[in-house]
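One structure coming up, written as structure tokens, with questions to follow.
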Amino acid sequence: MPEHSVRAAEPRYLEEPRGRYETREGLLALPQTTEEVSRIVRLANEMRVGIVPYGGGTGLVGGQVAPEGPAPLILSLERMNAIRSVHPEENVLIAEAGAILADVQAAAQDVNRLFPLSLAAEGTARIGGNLATNAGGVNVLRYGNARDLCLGLEAVLPDGTIWNGLSRLRKDNTGYDLRNLLVGSEGSLGIITAASLKLSPRPAGEGTAFMVVEHPKAAISLLAEARSQLGDGISAFEIIHEQGLDFLEEHLPSVRIPFDEKPEWCVLIEVGLARGLDPQDALEALFESALEKGLVSDGLIAQSVGQRTDFWSVREYVPEANRLVGSISSHDISVPISLVPEFIERAGKVIEKLGPLRINCFGHLGDGNLHYNVFPDAGKSRQDYLAERDEVKRVVHDLVHELGGSVSAEHGIGRLKTDDLEKYGDPAKLAAMRAIKAALDPNGVMNPGAVLAL
């Protein structure tokens, strides 16, 4: 191995945020160059040693740990964190896989550009992991998932071969798209070492508003009204339930809830507009037309950068409040946008039959992605419901599947959802995935047990 590149793995490399899985032991590889990654992968492949790629460790489906099988080699690219080049005239930035997402955003801002991938863990998550899991976040409505923000990749394939695919082209129709194969593969087909990323112009003006809706169906109609008025100017459209506000009030009282009386449902809207358009005027016009049509009953438009930050703090701290409460079962799901109200209504009735449980439903309504989390009744803990966890997950995922949705909207499969993929996945797709895995990784060394069960 390259000198000084391997050591015993500290506990933080053996754990994942939800505490569901743990790697019992393993060696940690810390390469500094793509050539070193190539050497390490080639040797591991020859010796049949499993490799677990490690980004920022923020994944929520256990893709960064190996709780079963022989001790793996944990391969972290944290030393490969350079911004290699920025091309503002092309709206392109090339970063190594270990670059922290917030640093990529800052490098884009330095040249008056925007890298729009934004999520709660952006101060810790690394861009290679974001691409390997096809991360989503709050701006998918306008800019797409991580896949849509990637023009090219440099990667090390399972036999140690380096694929030099760092293209800055928007058009390249030369056969199979290996970029899209590796993006979202969760390290099961290769190691992403660098990426060519798509930047966007920074909006000249941005605005943020909370609007109160009676129910999710009204929120869907509000989204349609917003799109009709503002088109692609809508950057984010998040739905929040009163239960999430209650959790914030109980566990994170420092987070300021802007409502005197907490609404049952509200949406957080972010707009980014071109020069000459005033975002506050646009949000006021949207509110007035929505109020006239009976879609909203109240609204708050941020009057300063500080207020915008406070509004977003409500949304960004809901997951932390959830963690402090402790869910019985958390679900990262998506359904067709028009069916979101039906899902919420039917899922609530199904969960109600299982007992006195609390539901916190929130998320990216603009792209149909909900975080549908089920919690113990007040005064109880999730330990009291261990026997019900699998049944809660089953009824939620069965309904998602019935409505033509996905049981993994943005977090990936990892190890947590391999059984769900087998149960709900299309047989032809699964067969093709296994064939691709066998062709590229015949020795099965790349993140064994992730995505496809062993």
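The values are calculated or read from the model by the stated rules, or taken from the named source; none is laboratory data. What you are looking at is a predicted structure, and each value in this text was computed from that prediction instead of being measured. Cβ sites come from the backbone with ideal geometry, for glycine too, and all protein chains shown count toward neighbours. Ligands, DNA and RNA are stripped out before the accessible areas are found, and what is left, the full protein with its side chains, is counted by its heavy atoms. Shrake-Rupley method; radii C 1.70, N 1.55, O 1.52, S 1.80 Å.
Provide the gained length on full extension for the span Arg42 to Arg170, in nm with one decimal, where the gain is 0.36 nm per separating residue minus the Cα-Cα distance. Walk me through the intermediate numbers first.
On the way: separation 128, 0.36 × 128 = 46.08 nm, distance 3.17 nm.
Taking Arg42 through Arg170 to full extension adds about 42.9 nm, to one decimal.
Taking the Cα-to-Cβ direction at Ser338 and at Phe259 and moving 7 Å from each Cα, how far apart do the two end points lie in nm?
Placing both labels 7 Å along Cα→Cβ, they lie 2.8 nm apart.
So, with +1 on the Cβ of K and R and -1 on the Cβ of D and E, and no other charges, what is the size of the charge dipole of the chain about its Cα centre, to the nearest 20 debye?
Working: 44 positive and 63 negative charges, 252 e Å.
That gives the chain a dipole magnitude of about 1200 debye.
What ranking of Glu25, Glu316 comes out by heavy-atom accessible area, probe 1.4 Å, highest first? Can you show the working numbers first?
Numbers: Glu25 120, Glu316 95 Å².
Largest accessible area first, the list is Glu25, Glu316.
Which value, in debye to the nearest 20, gives the size of the charge dipole of region 372-454 about its Cα centre, when Lys and Arg are +1 and Asp and Glu are -1 at the Cβ? Don't skip to the answer; put the middle values down first.
Working: 11 positive and 13 negative charges, 56 e Å.
That gives a dipole near 280 debye.
Considering the options Ile413, Leu300, Ile333, tell which one lies farthest towards the positive end of the dipole of region 295-440, charges being +1 on Lys and Arg and -1 on Asp and Glu at the Cβ, about the Cα centre.
Most positive-ward Cα: Ile413.
For the chain, which whole percent of the accessible surface, found with a 1.4 angstrom probe, sits on carbon and sulfur atoms?
Details: 9740 of 20130 Å².
Carbon with sulfur: 48 percent of the solvent-accessible area.
Still on this structure, please answer the following. Roughly how many debye, to the nearest 20, is the charge dipole of region 208-306 about its Cα centre, given +1 on each Lys and Arg Cβ, -1 on each Asp and Glu Cβ, and no other charges? Before the final figure, lay out the partial values.
Numbers: 6 positive and 18 negative charges, 70 e Å.
Around 340 debye, computed over region 208-306.
Separation of region 115-174 and region 3-17 by C-alpha centroid, Å?
Centre-to-centre (Cα) distance: 24 Å.
Give the peptides 290-301, 236-247, 124-135 in descending order of average Cβ contacts within 10 Å, highest first. Please list the in-between numbers first.
Working: 290-301: 16.9, 236-247: 22.2, 124-135: 27.0.
Per-residue Cβ counts within 10 Å, averaged per peptide and sorted highest first, yield 124-135, 236-247, 290-301.
Summing -39500 (n - 2.57) over the DSSP H runs of n ≥ 4 in the chain and dividing by its residue number, what mean residue ellipticity at 222 nm do you reach, to the nearest 500 deg cm²/dmol? Could you put the intermediate results ahead of the total?
On the way: 13 runs with 147 residues, N = 454.
That comes out to -10000 deg cm²/dmol.
Which one, Gln383, Cys361, Val395, projects farthest toward the positive side of the charge dipole computed for region 346-415 from Cβ point charges (K/R +1, D/E -1)?
Result: Gln383, furthest along the dipole toward the positive end.
Related question: Students often forget the sequence filter, so: which aspartates and glutamates lie under 17 Å Cα-Cα from Lys217 once same-chain residues fewer than 8 apart are removed?
In chain and number order, the partners are Glu225, Glu238, Glu242, Glu264, Glu292, Asp298, Glu342, Glu345, Asp367.
Counting other C-beta atoms within 10 Å, and keeping those with at most 13, which DSSP coil trypsin sites (Lys or Arg not before Pro) do you find in region 1-75? Kindly include the intermediate steps, with their values, before the conclusion.
Numbers: sites: Arg7, Arg12, Arg18, Arg20, Arg24, Arg39, Arg42, Arg48; in loops: Arg18, Arg20, Arg24, Arg48.
Taking region 1-75 and a limit of 13 other Cβ atoms within 10 Å, the loop trypsin sites (Lys or Arg not before Pro) found are Arg24, Arg48.
At a Cα cut-off below 18 Å, give the lysines reachable from Lys429, other chains included and same-chain residues fewer than 8 away excluded.
Lys417, Lys437
Also: Which trypsin sites (Lys or Arg not before Pro) in region 137-216 pass both tests, a DSSP loop state and at most 11 other beta-carbon atoms within 10 Å?
Details: sites: Arg142, Arg147, Arg168, Arg170, Lys171, Arg179, Lys198; in loops: Arg168, Arg170, Lys171.
Answer in residue order: Arg170, Lys171.
Sticking with this structure for a sec: Pick the calculated Cα extents along the principal axes in Å for this structure from [x] 74, 61, 48; [y] 61, 45, 42; [z] 67, 56, 43?
Among [x] 74, 61, 48; [y] 61, 45, 42; [z] 67, 56, 43, the one calculated here is [z].
Taking the Cα centre of region 1-117 as the origin and placing charges on Cβ (Lys, Arg +1; Asp, Glu -1), which of Leu27, Val37, Pro70 is farthest toward the positive end of the dipole?
Pro70
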